[in-house]
Amino acid sequence: MGTFNGQEFGKEVVAIVTDYLERTLAPMAARIEQLESRLLLVEGQVGATKAKPTIRIAAGSGPAT
């Protein structure tokens, strides 16, 4: 048996963890991108057809308590 090489062991662990995280998180990242693009489409549709509401405050009204 050879001696323990901590640097090589660390590199191997980092490679394994990185690969695992990439495989696990890739579907979630793709789904987030899909949802964000759909959100932009919906916001564009709503913003083009719906005006912002007008808020009117009666003259002489005091602050809310």
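The values are calculated or read from the model by the stated rules, or taken from the named source; none is laboratory data. All of these numbers come straight from a predicted model, not from anything done at the bench. Please note that ligands, DNA and RNA were not included when accessible areas were found on the heavy atoms of the full protein model with its side chains. Shrake-Rupley method; radii C 1.70, N 1.55, O 1.52, S 1.80 Å.
Number of residues in region 1-15 that are assigned to a helix (DSSP H, G or I) and either open to solvent by 100 Å² or more (accessible area, probe 1.4 Å) or acidic (D, E) (or both) equals 5. Checking each residue in region 16-65 for being modelled with pLDDT of 85 or more and not in a helix (DSSP H, G or I) picks out no residue at all.
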